[in-house]
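*Asks:* Sharing a structure with you now.
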Amino acid sequence: MKSKHDHSLFIKEENGKQVILLVYVDDLLITGNDTAMIQEAKVTLHKAFKIKDLGNLIYFLGNEVCRSAKGILLCQRKYALELIAELGLSGAKPAITPMEQNKRLTTVEYDEHCHLDHDPTLADVRGYQRLIGKLLYLTMTRPDIVYSVQTPSQFMQAPKQSHLEAAYRVVRYVKNEHGLGILMSAIGDMTLSAYRDADWASCPNSRKSVIGYLVKFDGSLISWKSKK
């Protein structure tokens, strides 16, 4: 039974005892290839919850959806511009590449072992962690920055100045092409293909490899990742 005072509060009777359930949903995306079933799902949900139908998908959780005859373009242009402005990089010079060539980031322990002291640690660790989190979210539609974001994300607990500079370079690269995204093509041949690569034992801290892969269906990217 739904509470009369709070639409997100539900009360159920079980063996004479009341079970209270709180449900909070901000945004819900319903998709499929059967419009009748989609409409039925919305009617069913509306009977149990107070929902508002916003129509065709245009913007969802920071993702913009643009339709054309070629297919659907998913991008995070607005999200990227907000991140650039938040970091005060609106007037900064864009970077051509998301990462310097042959750039190798090291840990604090590595520097101490090699007696290096030119790369100080950051005082604002949480600020760095928030930045990396926002960049990781941006990789949802930007596979071109996955490797460059994965690299500084390894140093969340003890970040240094070089790690922050690497993260800022990614943002300046995004500034150069903030409207890039993923095209879900309307034309395809129902084929599934995958690609994989690795930079063998390139990590100076652990001598481990970083692998990267991407999966395409019908010529459209559906999955991608970079991982040590």
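*Asks:* Checking the a/c ratio against 1.5 first, then a/b against b/c, what shape does the Cα gyration tensor give for the chain?
*Replies:* Verdict is prolate for the chain.
*Asks:* Which FRET efficiency, nearest 0.05, do residue 227 and residue 68 yield, Cβ-Cβ r, R0 45 Å?
*Replies:* That gives a FRET efficiency of 0.85.
*Asks:* Next question. Sorted by mean Cβ packing within 10 Å, highest first, what order do the peptides 86-98, 108-120 take?
*Replies:* 86-98, 108-120
*Asks:* With n ≥ 4 as the cut-off for DSSP H runs, can you work out [θ] at 222 nm for the chain, using -39500 (n - 2.57) per run divided by the number of residues, rounded to the nearest 500?
*Replies:* Estimated from H runs of four or more residues: -8500 deg cm²/dmol.
*Asks:* May I pose another question? Of all accessible surface on the chain at a 1.4 Å probe, what whole percent is carbon and sulfur?
*Replies:* 56 percent
*Asks:* Considering the options 213, 51, 66, tell which one lies farthest towards the positive end of the dipole of the chain, charges being +1 on Lys and Arg and -1 on Asp and Glu at the Cβ, about the Cα centre.
*Replies:* 51
*Asks:* Just order 135-144, 122-131 by mean Cβ neighbour count inside 10 Å, highest at the front, would you?
*Replies:* 135-144, 122-131
*Asks:* With 30 Å as the limit, write out which pairs from 70/227; 93/208; 52/225; 70/175 have Cα-Cα distances beyond it, or answer none.
*Replies:* Correct reply: 70/227; 93/208; 52/225.
*Asks:* If you build a Gaussian network model of the chain, linking Cα atoms that sit under 10 Å apart, which residue out of 189, 218, 26 swings the most?
*Replies:* 26
*Asks:* For the chain, give the magnitude of the charge dipole about the Cα centre (Cβ charges: +1 Lys/Arg, -1 Asp/Glu; no others), in debye to the nearest 20.
*Replies:* 300 debye
*Asks:* Right, another one. Testing the spin-label approximation: label points 7 Å from Cα along Cα→Cβ at residue 202 and residue 56. State their distance in nm.
*Replies:* In this crude spin-label approximation the distance works out to 4.2 nm.
*Asks:* For residue 134, which aspartates and glutamates qualify as cross-link partners when the Cα separation must be under 15 Å and same-chain residues fewer than eight apart are set aside?
*Replies:* The reachable aspartates and glutamates, counting only those whose Cα sits under 15 Å from residue 134, are 82, 86.
*Asks:* Let me ask another. Rank 66, 75 by accessible area, highest first, at a 1.4 Å probe radius?
*Replies:* The most accessible residue leads, giving 66, 75.
*Asks:* While we're here: Compute the length gained on full extension between residue 92 and residue 49: take 0.36 nm times their separation in residues and subtract their Cα-Cα distance, giving the result in nm to one decimal.
*Replies:* Residue separation times 0.36 nm, minus the Cα-Cα distance, leaves 10.8 nm.
*Asks:* Further question: Using only Cα atoms, find the angle between the long axis of helix 77-86 and the longest principal axis of the chain, and express it within 0 to 90 degrees, rounded to the nearest 10.
*Replies:* The helix 77-86 is inclined about 50 degrees to the chain.
*Asks:* Measuring with a 1.4 Å probe in the full set of protein chains, what accessible area per residue, in whole Å², belongs to the chain?
*Replies:* 68 Å²
The values are calculated or read from the model by the stated rules, or taken from the named source; none is laboratory data. All of these numbers come straight from a predicted model, not from anything done at the bench. A quick note on method: Cβ atoms are made from the backbone with ideal geometry, for glycine too, and the neighbour counts reach across all protein chains shown. Calculation scope for accessible area: heavy atoms of the full protein, side chains included, ligands and nucleic acids excluded. Shrake-Rupley method; radii C 1.70, N 1.55, O 1.52, S 1.80 Å.
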